[in-house]
Every structure is written in structure tokens, then in C-alpha cells.
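Since the structure comes first, as C-alpha cells, the remarks are kept for the end.
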Amino acid sequence: MLLTLKRWGALLALGLMLPALAGAQVDAGSAERLLRKSGLWVQLESVAAQVREGIVEGAAQSGRAPEPAEAERLQAAATAAFAVDRLRGVAMRLVSQELDSAHLKTLFAWYDAPTGVLMTRLEEQSAADKRDTEIVMADGAARLQAMSAERRGHIEALMAASGSVDSALSMTLNTVAGVRQGLASVMPPGQAPSPEATRALLAEQLPRLRPAYEQMLRTISAVAYAGASDAQLVEYVAFLRTPAGQHLNDVMQRVLDAAFLDGATELGRRLAAAGGPSA
């Protein structure tokens, strides 16, 4: 599945935990096996670094770059809040609770098949890409420019089947809300906006961001799936459109929502406890 864990930094986000879906739960062993085969287990390793990068980039763009000691404090808080073991723990719990075991056979068959294995490997490699964001985006733009209309159509179909743009917008909204929620939790009542008020304000701003997000995901996907053939992209889209693929996509988005809301809230708490983010 197309996961938006790459190049988002501090804009990564997660929504509030939703009620569990009906269906038999899965055991912890099957949950971990699915997380590993889907690639999310490995992709979560890069989250703390992406958040740290986002903090640094955001401060630089604001024109208020923190002093070295302050920057170190912010990055240490992000590392602790988005620690991989913490994120994996949330992911394990929610997959166990929310995934309908009736889909396991189909899901494991996909991830054990050659195209499923390839897509997981490509997504893991994308998450681990150490190049600067500007370099990756330039690479993707060049690939899109040279890409046939047919292949571009496959990329667009993949984005649509995965719901990646809506997921990314939701992640942005809830990450900011989560940090503010953490800050508010250690402040006197009435001195910080409520998470609901923050989400309502941000939700009004998100529609204007959609075109930029669509282009960013299109560019990232051009790089991430460069090693897949057109036929393999078609096969991947077909899987994502099956009941099992749609169910997994929904569950994994809630997994990301819960894990990042947890991390963002903890980051807010740590920043508030240490005197708040740099002004």
C-alpha cells in the first residue's frame, strides 16, 4: 500500500483513534508478521528522523532558527516522542484489535507473491532514502517529465486506490493538533486552544493545500516505484481495490493515525515541560 511516511517531517500526522471494525481479531504473531510484510515495520524506523528534519526545516523557513542548544533539545524531544518501539507498539495493538482475520489469507498471499514482495521492498527503500528532499523532488520531477502518459495514469490510479492525498492532509491536520494537545495538557485551563478548535481551524485551510500535496505525492511516487513495471503497478492497484486491500488500507491508516497522534501529543508534552518550542 502507498504509505505517506516519506518526506513529511513535522507534517506527518495521525487522526484520533476510531472504533474497531467488526470481525475477529488477529493474534499478536499475525499482526507483527503483517506489519513486517507490508513494510510498515521498517518504515516506522525513519519517522523520528523525518520529524527532526521537519523541525529544523520549519525553523529555518520561519526565519527564527533556534540556537544550537535549543535545536538539540527539540530534536531530542522528537526522537523520544517518535521512538520506533513506541510507534510499533501502537501499531501492533491496533492491527491486533482492528484487522478482520477473515482477510489474513488473502493479505499474506499478496505479500508473499513476487509483486507484493517487490512493492514492499520499494516502499522500504523509499522510506530509507537519505538524499535531501530537494534532490528527491528534482529526481521525481524529471521522471514525471520523461514518463509516458500510460505510466503516469498508473501512478495516478495508485494514488487514488490508496487514498494517499486525503491521508496526507489528515496527517498534517492531526499532527499539528496533536502537538497542541500535548502542550495544552500541561498548561493551565483556558490558556491553550482545544484540540477540536485547532482541528476546525486547520480543516478550513487544508483544501488549498490539496494541489501541492497531489503534486508532491505524484513526484515521490515516480521515484519510489521506478523499479516496478507498468504491469506490476496495475497488479498493485488491483490488489488495493479488493475488499482485503481496502480493509488493510483503512486499518493501516488508523494505525498511522493513532501512532502519530500519540507521538505528536508526547512531543507537545515534552516541549511544554521544557519551556515550550522556541519563540
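A compact table of results
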| quantity | calculated |
| --- | --- |
| Per residue accessible area in Å² of the range 62-144, where ligands, DNA and RNA are left out and the probe is 1.4 Å | 49 Å² |
| Integer Hz, Karplus 6.51/-1.76/1.60 couplings in order for the range 234-248, x for Gly and Pro | 4, 5, 5, 4, 4, 4, 4, 8, 6, x, 5, x, 5, 5, 4 |
| Student exercise, the range 58-155 dipole from Lys, Arg, Asp, Glu Cβ charges, in Debye to nearest 20 | 140 debye |
| Karplus (6.51, -1.76, 1.60) ³J(HN,Hα), θ = phi - 60°, over the range 29-35, in Hz, Gly and Pro reported as x | x, 5, 4, 5, 4, 5, 4 |
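The values are calculated or read from the model by the stated rules, or taken from the named source; none is laboratory data. Everything quoted here is computed from the prediction, not taken from an experiment. Counting neighbours? That spans all protein chains shown, and the Cβs are built from the backbone with ideal geometry, glycine included. Please note that ligands, DNA and RNA were not included when accessible areas were found on the heavy atoms of the full protein model with its side chains. Shrake-Rupley method; radii C 1.70, N 1.55, O 1.52, S 1.80 Å.
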